[in-house]
1. Specify the residue that is farthest from the chain's Cα centre (by Cα); the eligible residues are those in the stretch 8-28 that are of a type outside the set (A, V, I, L, M, F, W, C) and outside any loop (DSSP other than H, G, I, E, B).
2. Of everything in the stretch 71-114 that's of a type in the set (V, I, T) and without any contact (Cβ under 8 Å) to a residue 40 or more places away in the chain, which residue is nearest to R190 (Cα to Cα)?
3. Go through (1) assigned to a helix (DSSP H, G or I); (2) out of contact with any Phe, Trp or Tyr (no Cβ under 9 Å at 6 or more places or on another chain); (3) without any contact (Cβ under 8 Å) to a residue 40 or more places away in the chain one by one and return the number of the condition E163 breaks.
4. Residues that are over 29 Å from M201 (Cβ atoms): find the helices (runs of 4 or more DSSP H) completely inside the stretch 29-125 holding 2 or more of those.
5. What number of residues within the stretch 120-159 are open to solvent by less than 60 Å² (accessible area, probe 1.4 Å), at pLDDT 95 or above and among the polar types (S, T, N, Q)?
6. Can you tell which of L93, L79, L88 is open to solvent by less than 80 Å² (accessible area, probe 1.4 Å), within 19 Å of R131 (Cβ to Cβ) and out of contact with any His (no Cβ under 6 Å at 6 or more places or on another chain)?
7. Which one of the conditions (1) over 30 Å from L45 (Cβ atoms); (2) open to solvent by less than 20 Å² (accessible area, probe 1.4 Å); (3) not polar (S, T, N, Q) does R117 fail to meet, given that it meets all the rest?
Amino acid sequence: GNAVILKPSEYTPRAGAWLRDQLDAELPAGLVGVAQGGGSVGAALLDRVDAVTFTGSVPTGRKVAMRAAERLIPCSVELGGNDAAVVLADCNLDRTVAGVAQWGLHNCGQNCAAIERVYVERSIADEFVRRLGRVADALEVAPHGEHADVSPVQSHMQLSIVEDHVADALERGATLVAGGERTGTGLGYRPTVLDHCTSEMKVMSEETFGPVIA
């Protein structure tokens, strides 16, 4: 019987509205509501609810957790990360390349649990990177509304972050194996593999949230 108010990202309002419509068809009227808008709407909601769960960035998650603590209400936050995969020399190479490509590029890499960086044992590193680059090069990026292997980046803001992280890596000595540029259509960005990355590069120390595997 606990009512829920869903506050979707201001960049994906239709997804939240669609989910509410599906729930309305099964649940008592008014049990699930949707509040659309930017950060000010989310902040206002925090003053009116009895518990909160939040999925989003670390800076916003801190604000949510602090306000929840002030009000002494339950709070659960799932924030951004920079997930790593470790590839050992005795792996099934074909299966591992396919798995890293899938979980690094699924939903254009715009997934809190996406693989963003990969550590590979030296004895198989060159071959692994070569195969992963070949997979990335073969993937087709979709314009908005069309089916293909990889979706576009979600917004101009996110695309600028992706481009900044790739440029930073290349300026600091990374090797571009595949991708590294826009498709030229909409917000499409080619699946990108960067080799010889180091810890001071943004692609290794920050969440890129795009079709980039370092």
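The values are calculated or read from the model by the stated rules, or taken from the named source; none is laboratory data. Predicted, not measured: the structure shown is a model, and the values here were computed from it. Ideal geometry is used to build each Cβ from the backbone, glycine not excepted, and the neighbour counts take in all protein chains shown. We work out accessible area using only protein heavy atoms, side chains counted, and drop any ligands, DNA or RNA first. Shrake-Rupley method; radii C 1.70, N 1.55, O 1.52, S 1.80 Å.
1. Going residue by residue through the stretch 8-28, those that are of a type outside the set (A, V, I, L, M, F, W, C) are 8-14, 16, 20-22, 24, 26, 28.
Remaining after also requiring outside any loop (DSSP other than H, G, I, E, B): 13-14, 16, 20-22, 24.
Details: P13: 17, R14: 18, G16: 18, R20: 23, D21: 25, Q22: 25, D24: 28 Å.
Across the stretch 8-28, the extreme among qualifying residues is D24.
2. Here the residue is V97.
3. Among (1) assigned to a helix (DSSP H, G or I); (2) out of contact with any Phe, Trp or Tyr (no Cβ under 9 Å at 6 or more places or on another chain); (3) without any contact (Cβ under 8 Å) to a residue 40 or more places away in the chain, the lone unmet condition for E163 is (2).
4. Values: elements: 39-46, 58-71, 93-105.
Helices (runs of 4 or more DSSP H) meeting the threshold: 39-46, 58-71.
5. So the answer is 1.
6. Working: L79 fails: within 19 Å of R131 (Cβ to Cβ); L88 fails: open to solvent by less than 80 Å² (accessible area, probe 1.4 Å).
Just one listed residue meets the conditions, L93.
7. (2)
To keep it simple, each residue is scored yes or no on (1) basic (K, R); (2) under 18 Å from the mean Cα position of the chain (by Cα).
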residue: E127; (1), (2): no, no
residue: R131; (1), (2): yes, no
residue: V162; (1), (2): no, yes
residue: L170; (1), (2): no, no
residue: L176; (1), (2): no, no
residue: T183; (1), (2): no, no
residue: T192; (1), (2): no, yes
residue: K202; (1), (2): yes, yes
residue: F209; (1), (2): no, yes
